[in-house]
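Enquirer: Got a structure here, written out as structure tokens. Questions coming.
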Amino acid sequence: MDWSHPIFICLLEVIQPQTNMQEELNDNLKNCFEFFKRQAMSSPSMEVVGFLGLKDEKPVAKMVKNRSPDPKNYFAVDPLETLNFKSEHDFLAIFHSHIYGDSQFSEWDKITSDNCMLPFLVYSLGEEKFNLYIPEACEVSSVNLERLKDLL
Ligand SMILES: [Zn+2]
């Protein structure tokens, strides 16, 4: 087999970015935040999305695909992916980046966070900072919410 054939080179180029891109991090919360920040910075033209949770008390940050048809301005996650993560982790927050504007939450962000009863963590590329929205009815314990707030 000739691996220098253009079709193989083309395949390698398609596969390469995915294998290079780290998609999950198991580390302390501070490093999970740093991980989200790096992911946001590596995608200046599209909002990135991730899940933050605890597995056996240990923080896990996991990137998921932004399924919004308008990923420059919105994000959407696959409900099944969300449920899968929820079944294996204590959910702490849903993360997404803002590529335009500040770290303030849009009405859509707030409504969606309220509906899923999970905090939203955002990183603004423009402001270079995180922000956290906590819904009124929230599934996350106050102790864990304080841990998140401490890192803003
Ligand atoms: Zn947003």
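Enquirer: Which residues make up the longest stretch of the chain clear of GluC sites (Glu not before Pro) that lie in a DSSP loop with no more than 14 other Cβ atoms within 10 Å, not counting the sites? Each step should come with its number before you reach the end.
Expert: On the way: sites that count: E23, E57, E127, E128, E136, E139.
It runs 58-126.
Enquirer: Let me ask something additional. To the nearest 20 debye, what is the magnitude of the charge dipole of the chain about its Cα centre, counting +1 on the Cβ of each Lys and Arg and -1 on the Cβ of each Asp and Glu?
Expert: I would put it at about 140 debye.
Enquirer: If the reach is capped at under 24 angstrom between alpha carbons, list the lysines near K72, excluding any in the same chain fewer than eight residues apart.
Expert: K37, K62, K110, K129
Enquirer: 222 nm [θ] for the chain, helices only, -39500 (n - 2.57) per DSSP H run of 4+, per residue, to 500?
Expert: Using -39500 (n - 2.57) per qualifying helix, the result is -11000 deg cm²/dmol.
Enquirer: Okay, moving on. Quick check: residue separation of N115 and Y100 times 0.36 nm, minus the Cα distance between them. What number comes out in nm?
Expert: Separation in residues times 0.36 nm, less the Cα-Cα distance, equals 3.0 nm.
Enquirer: While we're looking at this one, here's another question. Could you grab the relative contact order for the range 23-149? Cα pairs under 8 Å, six or more apart, rounded to a whole percent.
Expert: Relative contact order of the range 23-149: 21 percent.
Enquirer: Using 1/(1 + (r/R0)^6) with R0 = 30 angstrom and r between the beta carbons of D56 and L152, what's the FRET efficiency to the nearest 0.05?
Expert: Details: r = 25 Å, r/R0 = 0.84.
With a Förster radius of 30 Å, E is 0.75.
Enquirer: Let me ask something else. How large is the charge dipole for the range 106-152, taken about the Cα centre, if only the Cβ atoms of Lys, Arg (+1) and Asp, Glu (-1) carry charge, to the nearest 20 debye?
Expert: 120
Enquirer: Give me the dipole magnitude in Debye, nearest 20, for the range 57-116 about the Cα centre, with unit charges on the beta carbon: positive for Lys and Arg, negative for Asp and Glu.
Expert: My answer is approximately 200 debye.
Values in this text are rule-based calculations from the coordinates and carry no lab data. What you are looking at is a predicted structure, and each value in this text was computed from that prediction instead of being measured. Cβ sites come from the backbone with ideal geometry, for glycine too, and all protein chains shown count toward neighbours.
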